[in-house]
Amino acid sequence: MNGNTASNSIIGGADGPTAIFLAGKLGDGFKTGIMIFVIAMLLLAAVMVLWKPGVKTKYRFIRLSAGNLLIHLMDGLVTFVNTPDLAREGNILVSRFGFGWGALFTANLLGFLVIVLTAWNFNRYEYPVIPSKSVFDYYMKLFYGENYKPSWFWFKFCKRFRPMFAAVSYAVYWGATAGAPAFVIGWLLDMAGIYPSWYSSTKIACVIYFVVAFGSIYKWARDGYKLSCERTAENDGAGNQTGG
């Protein structure tokens, strides 16, 4: 979020023959409407993403992808409203390399495609049944086999790429989705005339991303451990009934 607090936004062509000023009382009503709409869409995105978390519903992949897309669309909307000429945009492609809306759109599209790929990857993954004593035990057996050497570093190299890609995809999706609203909230604060000196959209988004991503690794392993325990108990119960 840029420190510029000017309330005027200018929309004009490259030759500058026409400019539309959104300011004063007329601008206040417009901005309020945009803010209400964006907040409503963020809440809808939260419902889509967080509804029945961890449960493989029929349309979960579509729901998770659409929820993330909605956040990105709102980010684009508030960016356009606040800085249509991108003079206050903090994205490095714009601020440092001088690219325009085309590059910004392309970068966001590629980022969204990565999010869709990660959601598709971890949604299609099936946890194997591995008798384990704890979440850590399940995690290590899943990645390194029965005779593993204990290690608390989740990024330790392993040759079981399928669960590794599923776990990383899970972390990337939830980290990126949780961090993305920080940019939208930054612009909303700007539109509301609130300028906290401590608020940095990029820094807050990065912190949220890494905290949620690493937490998601643990949750992903815990879900697999719980499911494995349930299936192991069911198999043991069925075996006892057959033996009886």
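The values are calculated or read from the model by the stated rules, or taken from the named source; none is laboratory data. In this text the structure is predicted, and so the values were computed from the model without any measurement. Don't worry about glycine lacking a Cβ; one is built from the backbone with ideal geometry, like all the others, and counts go over all protein chains shown. Remember, those area values only see protein heavy atoms, side chains included, never the ligands or the DNA or RNA. Shrake-Rupley method; radii C 1.70, N 1.55, O 1.52, S 1.80 Å.
Express in whole angstrom the spacing between the alpha-carbon centres of the stretch 177-223 and the stretch 29-84.
Using only Cα atoms, the two centres lie 14 Å from each other.
At R0 = 41 Å, how high is the FRET efficiency between ILE39 and GLU234 if r is their beta carbon distance? Nearest 0.05 is fine.
Approximately 0.35, to the nearest 0.05.
Go ahead and run the numbers for FRET between ALA107 and PHE210, Cβ-Cβ distance against an R0 of 30 Å, rounding to 0.05.
E(calc), rounded to 0.05, equals 0.90.
Work out from phi, with θ = phi - 60° and the Karplus expression 6.51 cos²θ - 1.76 cosθ + 1.60, the ³J(HN,Hα) of each residue of the stretch 190-201, listed in order in whole Hz, and give x for Gly and Pro.
4, 5, 7, x, 10, 10, x, 5, 7, 7, 10, 4
Would you tally the net charge around ASP75, using a Cβ to Cβ cut-off of less than 15 Å, leaving ASP75 out, and scoring K and R as +1, D and E as -1?
Its environment carries a net charge of -1.
Please give the solvent-accessible surface of GLU146 in Å², to the nearest 10, using a probe radius of 1.4 Å with every protein chain present.
Counting only protein heavy atoms, the figure is 120 Å².
Would you please state which residues of the stretch 114-128 a label at ARG60 would reach in this model, taking the label point 7 Å out along Cα→Cβ and a backbone N cut-off of under 14 Å?
119-128
Can you sort LEU189, LEU113 by solvent-accessible area, 1.4 Å probe, largest first?
LEU113, LEU189
Which ³J(HN,Hα) values in Hz, rounded to whole numbers, follow from the phi angles of the stretch 64-81 under the Karplus curve 6.51 cos²θ - 1.76 cosθ + 1.60, where θ = phi - 60° and Gly and Pro get x?
Karplus-based 3J(HN,Hα) across the stretch 64-81 equals 5, 5, 5, x, 5, 4, 4, 5, 5, 5, 5, 5, x, 5, 5, 5, 5, 5 Hz.
Give a residue-ordered list of calculated ³J(HN,Hα) values for the stretch 124-141 (Karplus: 6.51 cos²θ - 1.76 cosθ + 1.60, θ = phi - 60°; whole Hz; x for Gly, Pro).
Ordered by residue, 3J(HN,Hα) equals 8, 6, 10, 5, x, 7, 10, x, 9, 8, 7, 4, 4, 5, 5, 4, 5, 5 Hz.
Which chymotrypsin sites (Phe, Trp or Tyr not before Pro) does the stretch 69-122 hold that lie in a coil by DSSP with at most 14 other beta carbons within 10 Å?
In loop regions of the stretch 69-122 (DSSP not H, G, I, E or B), the sparsely surrounded chymotrypsin sites (Phe, Trp or Tyr not before Pro) are PHE97.
On average, how much accessible surface per residue is there in the stretch 39-157, in Å², for a 1.4 Å probe, leaving out ligands, DNA and RNA?
59
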